[in-house]
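Following: one structure in structure tokens, then a few remarks.
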């Protein structure tokens, strides 16, 4: 096939030997299957900011540390230089998160580097060597759903212990290879300690995955892993090997009505975003 313009520099530099075929096209990036020497990998081309549709990006960037004070000030002011740095930071966030999470034992694709807005990473495949399906494309037995839910909860726990929250975790951002679920798509990963939206995003991530697996194993719908994780995280008691029960007793203190209403509104908006994302994902698949 004809080499895409954004991949040509990587071909010229010998980082890619052949572009095999497109894998998928999304609102945030286009992904191609490429050959690098004897290995078949993915090349993820991030779209420019004005062509992306990721909503409320500011919420995700909150708490991210700039590489130096000049860049941070420029990003805050929104200057041309600052916007360029912000875009670079958004692109680098995923590869940084992938390295960080791989070191923490989370099942994510192995990253090989980000070059001029193109992320080279491992191609996740099934047992037959074909591209691994996303969870929304598979059907599971109750036993498999229960086992895989436990694996994802453990990975979310390891992520939190590494200081990160996925922020957009759903059945569309998890692949299924021959050994189990693999988490993908992390450019919006949230700093768990520095982002004021962290708790809400953790609850949403866990709820999304529990709702998905719960359609095959309804008993999972009663679990409250996110609340249990966050409580232990806030108290400093959450470790990668901490055994969680999925049980959590809500506080009996009086509720802050305004906060509750704000959470309800946020949940409604997130559900609308989720429905739009499902429709977009369906339309964008090759």
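The figures follow:
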| read-out | value |
| --- | --- |
| Positions within the range 97-114 being over 17 Å from residue 155 (Cα atoms) and surrounded by 17 or more Cβ atoms within 10 Å (Cβ to Cβ), in sequence order | 111, 112, 114 |
| Of all residues making up the range 174-197, the number that are assigned to a loop (DSSP other than H, G, I, E, B) and modelled with pLDDT of 95 or more | 2 |
| Residue check, residue 245 surrounded by 19 or more Cβ atoms within 10 Å (Cβ to Cβ), at pLDDT 95 or above and either out of contact with any strand residue (DSSP E or B) (no Cβ under 6 Å at 6 or more places or on another chain) or not in a loop (DSSP other than H, G, I, E, B) (or both) | no |
| Condition met for residue 190 (buried (at least 22 other Cβ atoms within 10 Å of the Cβ) and farther than 22 Å from residue 144 by Cβ) | yes |
| Count of residues meeting criterion [under 18 Å from residue 173 (Cα atoms) and surrounded by fewer than 17 Cβ atoms within 10 Å (Cβ to Cβ)] in the range 115-129 | 2 |
| Scope the range 112-132; condition in a loop (DSSP other than H, G, I, E, B), closer than 19 Å to residue 16 by Cα and modelled with pLDDT of 90 or more; matching residues | 123, 124 |
| Scan of the range 231-241 for residues that are touching a residue at least 40 places away in the same chain (Cβ under 8 Å) and surrounded by 14 or more Cβ atoms within 10 Å (Cβ to Cβ), ordered by number | 233, 238, 240 |
| Residues satisfying the stated conditions in the range 193-203, i.e. more than 12 Å from the chain's Cα centre (by Cα) and farther than 19 Å from residue 150 by Cβ | 193, 194, 195, 196, 197, 198, 199, 200 |
| Which listed residue, of 203, 169, is touching a helix residue (DSSP H, G or I) at 6+ places or on another chain (Cβ under 7 Å) and within 22 Å of residue 250 (Cβ to Cβ) | 203 |
| Count of the range 14-31 residues which are touching a strand residue (DSSP E or B) at 6+ places or on another chain (Cβ under 8 Å) and more than 16 Å from residue 111 (Cβ to Cβ) | 11 |
| Cβ-Cβ under 7 Å pairs, at least 6 apart or on other chains, the range 187-201 side farther than 26 Å from residue 117 by Cβ, far side modelled with pLDDT of 90 or more and part of a loop (DSSP other than H, G, I, E, B) | 192/163; 193/163; 198/192 |
| Flag if residue 178 is buried (at least 20 other Cβ atoms within 10 Å of the Cβ) and under 23 Å from residue 135 (Cβ atoms) | no |
| Every residue from the range 150-173 that is in a helix (DSSP H, G or I) and out of contact with any strand residue (DSSP E or B) (no Cβ under 9 Å at 6 or more places or on another chain) | 150, 153, 154, 157, 158, 160, 161 |
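Residues are listed down the side, and each one gets a yes or a no for (1) more than 30 Å from residue 131 (Cα to Cα); (2) under 22 Å from the mean Cα position of the chain (by Cα); (3) modelled with pLDDT under 65:
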residue: 214; (1), (2), (3): no, yes, no
residue: 250; (1), (2), (3): yes, no, no
residue: 258; (1), (2), (3): yes, no, yes
residue: 266; (1), (2), (3): yes, yes, yes
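The values are calculated or read from the model by the stated rules, or taken from the named source; none is laboratory data. Everything quoted here is computed from the prediction, not taken from an experiment. Note: ideal-geometry Cβ built from the backbone for every residue, glycine included; neighbour counts use all protein chains shown.
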